[in-house]
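FYI, it's all coordinate maths here, none of it is from the lab. Because the structure is predicted, anything quoted here is derived from the model rather than measured. Don't worry about glycine lacking a Cβ; one is built from the backbone with ideal geometry, like all the others, and counts go over all protein chains shown.
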Amino acid sequence: MGVDYPDLARTVAALCEGEDDTVALMATVVCEVHHADDRFDWTGFYRVVGPEVLKIGPYQGGHGCLVIPFSRGVCGAAARTGEVQLVDDVEAFPGHIACAASTRSEIVLPVRDGAGRLIAVFDIDSDRPAAFTEADAEGLQAILDRTFAGAAGGA
Ligand code: SME
């Protein structure tokens, strides 16, 4: 089991062709990724909106917290370090922000524009423990890098 990332990447690229509006791109990525696998219970973007501040963007699933400082949670760690965060057990992650009590594991990836600026993080939560692998990290990062390389910014 697992996502066919090359196929998902082709679908996202086809849907987003010619589009540079950041919110439109985020909404499309969220929809396609969220429905690609039953492991994904919450899928969404947190946008960089100010110095060290993330704010909720397009998402699918139950409501998420609206504001996350870079200093907090798994999303904050991804924004702070610029590195993918793969968390097998959210309860073991210091400072994890529990938006849904059912969440057991999560992956958060940095989202950069074509100039390499961090514009958001992409967060997927699962109700299953240790739901995410390096293959997910690689497949998702490739989709994000390609999709947002030409984003106009201002999300
Ligand atoms: N789990 C995240 C918070 C966002 S939500 O779960 C939607 C975190 O600790 O960064």
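Per-structure values
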item	result
Relative contact order %, region 5-148, counting alpha carbon pairs below 8 Å whose residues are six or more apart	23
Environment charge of residue 14, counting only residues whose C-beta is closer than 15 Å and scoring Lys/Arg +1, Asp/Glu -1	-3
Estimated vicinal HN-Hα couplings, Hz - region 61-66 in sequence order (Karplus 6.51, -1.76, 1.60; Gly, Pro = x)	x, x, 5, x, 5, 7
Under the Karplus curve 6.51 cos²θ - 1.76 cosθ + 1.60, θ = phi - 60°, whole-Hz ³J(HN,Hα) for region 9-19, x wherever Gly or Pro sits	4, 5, 4, 4, 4, 5, 5, 9, 4, x, 9
Structure-based [θ]222 nm, the chain - -39500 (n - 2.57) summed over DSSP H runs of at least 4, per residue, nearest 500	-10000 deg cm²/dmol
Near-label residues of region 113-147 by backbone N, under 13 Å of a point 7 Å along Cα→Cβ of residue 13	142-147
Region 94-155: relative contact order as a whole-number percent, Cα under 8 Å and 6+ apart	38
Pairwise label distance in nanometres, residue 100 with residue 117, each label 7 Å out on the Cα-Cβ vector	3.2
Calculated from backbone phi, Karplus (6.51, -1.76, 1.60) coupling profile of region 93-104 in Hz, x at Gly/Pro	9, x, x, 4, 9, 8, 7, 10, 5, 7, 5, 10
Positive dipole terminus of the chain, leading residue within 34, 79, 90 (C-beta point charges)	79
